[in-house]
Amino acid sequence: VRQKVTDLFEMASLPNATKEDRDRLLSFVVVGGGPTGVEVAADLVDFAERDAIDLYPKLREHIKITLVNTGNFLLSTYDQSISKTCMEVFKQKGVEVMAGCRVVEVTSEVVKMKRGKEGEIFELPYGCVVWAAGIKENSLTTQFKASLIERNEGISELNVKSLKLPVQGIVTDEHLGVRGSGGSIFALGDAAIVRHDRTEPFAAKLFKAADLNGNGELDLPELRELFTGAADEFPQLKDYADYLREAVKVPWGEDDIGKTGLAKVIADAFRLQKLAFRKALSLTNQQVGDRTTHKEKDIIAAEFDQALVHDKSSMNLEEFRLLLECVDKNLQPFPPTAQVAAQQGKYLADLLSQGVLDGAQESYAETVRSASVFSYFHKGSLAYLGGGLAAFDLPLIGPVTGPAAGGGFEGFQNP
């Protein structure tokens, strides 16, 4: 990249280069708003503000740095305050952040992209494009998923549905066992993604626990009590419980959740599940059920409107399942980092060293009965924002940004 950038500045400084040539040659496009993309853009800004001014003072006005991101937030796996700070820093430094844009093609001279799924395709000329948005799923992984789906057709509808999720990687359970393999195959690192369907397998049990009058329907107050009572076991329900507490305005009276004992009913029904969620060793340990993204109330309202098909004030079991599908999309997978892969490798080695697993489903069931689920110990994340500024997302402490974080980053880079 360094050599490419140098060559572009040398070509742009030639006397026969036109303004249009210089604008295109010095247009730097970074695709991907994760840590790698942000740091590449930050380094380009540093070069433009320091070395380029000294070496190519007449070319400064032609330099343009663009960061393209499919999501609305940069550094989406970090705390939201860090994402906001990153956007502000880049705005001050003149970096154009194109949020919500998806690259559809890269030619020798332009990047073709569109906003959202239905937006029109537009072009952005470039001299250098840096791809930091991930790579296509390995063909072996794709073939393996297809064989698992074929194997589970007609046997397990839940496994087939999980394996068909539009995600990169092989879907595993929380013990890293591949879904649909009967406990004979394990996957970890970038090749794996821990299961998404946290609440859906328990849809019938949740529905029955909340349907206190036994009429086969859940009204909004019953849903409110259910989601409030089950939010500890299923953290992705919290935003929905908060929404229902505001949206459903009915007198509580004797139906108060603290008096009906519904919370106890749910807690008892999911006692084993609750124990699994509480086995984290500290606040820095994360199980997949603990990783949720915040959903705005208007999005939740739209999901309720979509699920409440036959009656806007109550839902049946099938509509409840539809709503839980939306709820479970609120779960985040573990970040695709070396930290996670290394810890998964150690966890799996410990699991295999017990000497119980032999490839049979019975041995896997015996092993997971006594084993804790995989828990990721988050040691923190950092990203350089340019100009001596950085962002740390530290366990327990939380987000740290600004010059102090920049000094810490320099300390890590140059110990």
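Along its principal axes, what span do the Cα atoms of the range 9-118 show, with the longest given first and each in whole Å?
Rounded to whole Å, the extents work out to 46, 31, 18 Å.
Sort the following peptides by mean Cβ neighbour count (other Cβ atoms within 10 Å, averaged over residues), highest first: 351-362, 72-83. Before the final figure, lay out the partial values.
Numbers: 351-362: 12.6, 72-83: 19.5.
For the peptides 351-362, 72-83, the packing ranking is 72-83, 351-362.
Students sometimes get this wrong: rank Val171, Val1 by accessible area, probe 1.4 Å, all chains present, largest first.
Details: Val171 0, Val1 110 Å².
Ranked from most to least accessible, the order is Val1, Val171.
Using only protein heavy atoms and a 1.4 Å probe, report how much of Glu88 is accessible, in Å² to the nearest 10.
In the full protein context, Glu88 sits at about 90 Å².
Could you report the accessible area of Asp311 in Å², rounded to 10, computed with a 1.4 Å probe on the protein chains as they sit in the structure?
The accessible area comes out at roughly 60 Å².
Report the FRET efficiency, 1/(1 + (r/R0)^6), for Gln143 and Lys164, where r is their Cβ-Cβ distance and R0 is 25 Å, rounded to 0.05. Write down the numbers at each step before the final one.
Numbers: r = 15 Å, r/R0 = 0.59.
After rounding, the FRET efficiency stands at 0.95.
Between Gln339 and Lys114, what's the calculated FRET efficiency when r is the beta-carbon distance and R0 is 35 Å? Round to 0.05.
Working: r = 34 Å, r/R0 = 0.96.
It comes to 0.55.
Shape verdict for the range 103-184, please, from the Cα gyration tensor: rounded (a/c under 1.5), prolate (a/b greater than b/c) or oblate. It would help to have the intermediate numbers written out before the result.
Numbers: a/c = 3.59, a/b = 2.61, b/c = 1.38.
Here the range 103-184 falls in the prolate category.
Whose amide H sits under 5 Å from the amide H of Phe377, counting only residues 5 or more places off or on another chain, with H placed in the peptide plane?
HN-HN under 5 Å from Phe377: Gln286.
State, to one decimal in nm, how far the label point of Ser81 lies from the label point of Ser353, with both points 7 Å from Cα in the Cβ direction.
3.9 nm
Is the C-alpha gyration tensor of the range 54-111 telling us rounded, prolate or oblate? Criteria: a/c under 1.5 is rounded; beyond that, a/b larger than b/c is prolate, otherwise oblate.
On the way: a/c = 3.40, a/b = 1.27, b/c = 2.68.
Cα axes put the range 54-111 in the oblate bin.
Rank these by accessible area, largest first, 1.4 Å probe: Met87, Met98.
Numbers: Met87 65, Met98 15 Å².
Result, largest first: Met87, Met98.
Could you give the size of the charge dipole of the range 7-132 about its Cα centre, using +1 on the Cβ of each K and R and -1 on the Cβ of each D and E, expressed in debye and rounded to the nearest 20?
Result for the range 7-132 is approximately 380 debye, rounded to the nearest 20.
Just read off the accessible area of Val340 with the full protein assembly in place, 1.4 Å probe, to the nearest 10 Å².
Here the residue's solvent-accessible area equals roughly 10 Å².
Taking 25 Å as R0, compute the FRET efficiency from the Cβ-Cβ separation of Arg102 and Ile135 and round it to 0.05.
On the way: r = 15 Å, r/R0 = 0.62.
According to the calculation, E is roughly 0.95.
The values are calculated or read from the model by the stated rules, or taken from the named source; none is laboratory data. All values reported here derive from a predicted model rather than from experimental measurement. When we count neighbours, we look across all protein chains shown, and the Cβ atoms used for this are built from the backbone with ideal geometry, even at glycine. Calculation scope for accessible area: heavy atoms of the full protein, side chains included, ligands and nucleic acids excluded. Shrake-Rupley method; radii C 1.70, N 1.55, O 1.52, S 1.80 Å.
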